[in-house]
Amino acid sequence: MADVMRFCIVGCGMIARFHARALQEIPQARITALVSRNLHNAQQLIAETGLPPCPTYTQLEEALAREPIDAVIVTTASGAHREPALAAAAAGKHVVVEKPLEITPERCQEIIDACDRAGVQLCTIFPSRFGDANQALKQAVEAGRFGRLTLAETTCKWWRSQQYYDEGGWKGTRRWDGGGALMNQAIHNVDLLLWLMGPVEQVCGFTATLAHQRIEVEDTAVAIVRFRNGALGVIQAATSVHPGYPKTIAVHGDRGSAVIEQDDVLRWDFTPETEADRQIKARFAVKVGASGGAADPKAISHEGHRRQLADFIQAVRTGQRPLVDGREGKRAVELICAIYESQATGRIVHFPT
């Protein structure tokens, strides 16, 4: 591979701007093509992000045939991830897909299988894993600092206006969004929960649409999880909580507890306390105070995307798996779809062992 990895972005909506800004901060990356059904959107993306002019197309196949491309980033509507991902894999290009990987486990598996057959790398975008506080939390779990894991909880109490759902034509639809507050917003929380706590054994959940009109999906959801390790968990997801609050993740055990709000460590309590614990408390003593998109989806830093895309480039160069590959991306979709199944059937959903 050349010194610079060449990317094509498919879909030029809001989230594509995070990728464009992130890639411009990675010396080993360059954007060589944009694909959008509306070429005006592609030009807007170039203007708003300061991206150097590059060829724009309405069809991915045309870009693949004409431009030097090593990897394709899919940032279309959630329910339209499969087709460009499959086309990219068939062309022998590495694939990056914005969350969710797709809107059903079956569609996720199609993408995974296509990339496996083509021998290309596949990455699902979950930038929350790359935050400093969440990295420290993961290290504490792996080091056994919590003792016996007993309880985990995560909240995504966000607010989205009715205008948010009304614009664009696809938000809040089952076909293109795949779900609401769980699938679109709190999927980051769900991924963190699985990353920290491991596989799920059972889940039951409730969803409702309480604060919005003209949407087919939930704006409020709660779920109770039993993990395979025996610990219990709680998920709260909403776009119905005004004015919106930073997301949280908490892990508890019989020897310690930690609570993180967005990128801030609120509690870090272990017995016995170590010098490393004291250093973590001191490091995160000054709160970042970022909203993380609690009320405005644009108010999110692209730093997590930059770190994850850098990890992906390194994985391609070394042949190692990226931190969040396609199989990791599928796990969050499986759990969310199981919560939807529980709501629909009124039953606990059991996962295969």
| note | Using alpha-carbon coordinates alone, the radius of gyration and Dmax of the chain in Å work out to 20.0, 61
| note | To the nearest 0.05, the calculated FRET efficiency linking E273 and R148 through their beta-carbon distance, R0 being 30 Å, is 0.95
| request: Would you pull out the residues with amide H under 5 Å of A294's amide H, same chain only if 5 or more places away, H placed 1.01 Å from N? | output: none
| note | In Å, the Kirkwood hydrodynamic radius from C-alpha pairs for segment 85-192 sits at 16.4
| Packing-based exposure ordering (other Cβ within 10 Å, fewest first) of I215, I313 | I215, I313
| query | For the chain, modelled as a GNM with alpha-carbon contacts under 10 angstrom, which of E167, E303, E328 fluctuates the most? | reply | E167
| task | Take every DSSP beta bridge with both residues inside the chain and express the antiparallel ones as a percent of the total, to the nearest 5. | result | 60
| message | Less than 13 Å Cβ to Cβ from V10, Lys/Arg counted +1 and Asp/Glu -1: what total charge do the surrounding residues give? | response | -2
| task | For L210 paired with Q314, estimate the spin-label separation in nm (one decimal), with each label point 7 Å from Cα along the Cα-to-Cβ line. | result | 4.2
| Do any chymotrypsin sites (Phe, Trp or Tyr not before Pro) in segment 142-213 lie in a loop, going by DSSP, with at most 16 other beta-carbon atoms within 10 Å of their beta carbon, and if so which? | W170
| Say R0 is 35 Å: what FRET efficiency, to the nearest 0.05, do I348 and Q43 get from their beta-carbon distance? | 0.10
| Mean residue ellipticity (222 nm) of the chain, computed from DSSP H runs ≥ 4 via -39,500 (n - 2.57), nearest 500 | -11000 deg cm²/dmol
| Just how large is the dipole of segment 192-306 about the Cα centre, in debye to the nearest 20, putting +1 at every Lys and Arg Cβ and -1 at every Asp and Glu Cβ? | 100
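Bear in mind these aren't lab numbers, they're just calculated from the coordinates by the rules spelled out. Being a predicted model, the structure only gives us computed values, none of them experimental. Here Cβ is always computed from backbone atoms with ideal geometry, including for glycine, and neighbour counts include all displayed protein chains.
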